[in-house]
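See below for the structure under consideration.
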Amino acid sequence: IEIAVFTHQLLLRNGIRHWIDYGSLLGAVRTGELIPWDGDVDFGCHEEDFDKVVALGPEVAAAGHQLDTSDPLVARICFSDVNLQHADIFWWYERDGSMDLRAYPGFDWPGMSEQRSFPRRFVDHLETVKLHGHPMPAPSPAHEFLAEYRFGADYMTPTRGVFDSELVPEVGAE
């Protein structure tokens, strides 16, 4: 939570347009909290702000955190050089009225295949959602965005993940 708030305030203070996305947005809309099994916080930014984020390295370090921009497709703000809890900043570029993700071929994770673009209108005017009581910018309208461009119409209902059956027995199982 601390690194999410830090990243949001850092980007806001430096005039960098951003929004929470993926599982972070899903958790904020569902319960107002991070999804317990999600390992990071996700933000989206326009790719033209990459150099502005790189320039924030000294400010991030002064706060005791670490900025990693070694991957040109995602910047990462880690809690520290030993605590790698982090916020990812994904870079989006505009093309013909769509926002497209800079990504490697095959860059997918469960539930996210082929969700690499969306109409720009969702980030033209951001709305505010709360994440652990902290206001965060989000694509607008967030519910439509989540249903159409992230997790499908039943996004409000948690589903079993790929490994859940190994960890939690089915109801009624012995």
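Where a number appears in this text, it was derived from the coordinates with a stated rule and is not lab data. Because the structure is predicted, anything quoted here is derived from the model rather than measured. Virtual Cβ from ideal backbone geometry, glycine too; neighbours counted across all protein chains shown.
Rounded to the nearest 20 debye, what is the charge dipole size of the range 1-158 about its Cα centre when +1 sits on each Lys and Arg Cβ and -1 on each Asp and Glu Cβ?
Here the range 1-158 has a charge dipole of around 280 debye.
Go from 0 up to the bin containing the longest alpha carbon distance in the range 1-55, width 10 Å each, and give me the % of pairs per bin.
23, 51, 23, 2
Would you kindly give the portion of the calculated P(r) for the range 1-159 that falls above 24 Å, as a percent of all Cα pairs?
Of the Cα pairs, 29 percent sit more than 24 Å apart.
Under a 5 Å amide H to amide H cut-off, with H placed in plane at 1.01 Å, what residues pair with Met99 once short-range neighbours are removed?
Residues meeting the amide H criterion: Phe118, Arg120.
Amide H neighbours of Val129 under 5 Å, counting only residues 5+ apart in sequence or on other chains, H built in-plane at 1.01 Å?
The list, which skips near neighbours in sequence, is Met136, Ala138.
List the residues whose amide H sits under 5 Å from the amide H of Trp19, counting only those 5 or more places along or on another chain, with H placed 1.01 Å from N in the peptide plane.
Here Gly44 satisfy the definition.
Which ³J(HN,Hα) values in Hz, rounded to whole numbers, follow from the phi angles of the range 125-139 under the Karplus curve 6.51 cos²θ - 1.76 cosθ + 1.60, where θ = phi - 60° and Gly and Pro get x?
3J(HN,Hα) across the range 125-139, in whole Hz: 10, 7, 10, 9, 10, 9, 10, 6, x, 9, x, 9, x, 9, x.
Each residue of the range 38-44 in turn: what ³J(HN,Hα) in whole Hz from Karplus with 6.51, -1.76, 1.60 and θ = phi - 60°, glycine and Pro shown as x?
7, x, 7, 10, 10, 10, x
Among Ile3, Gly39, Phe50, whose Cα projects farthest towards the positive end of the dipole of the range 1-101, with charges put on the beta-carbon of Lys, Arg (+1) and Asp, Glu (-1)?
Checked the options; the winner is Ile3.
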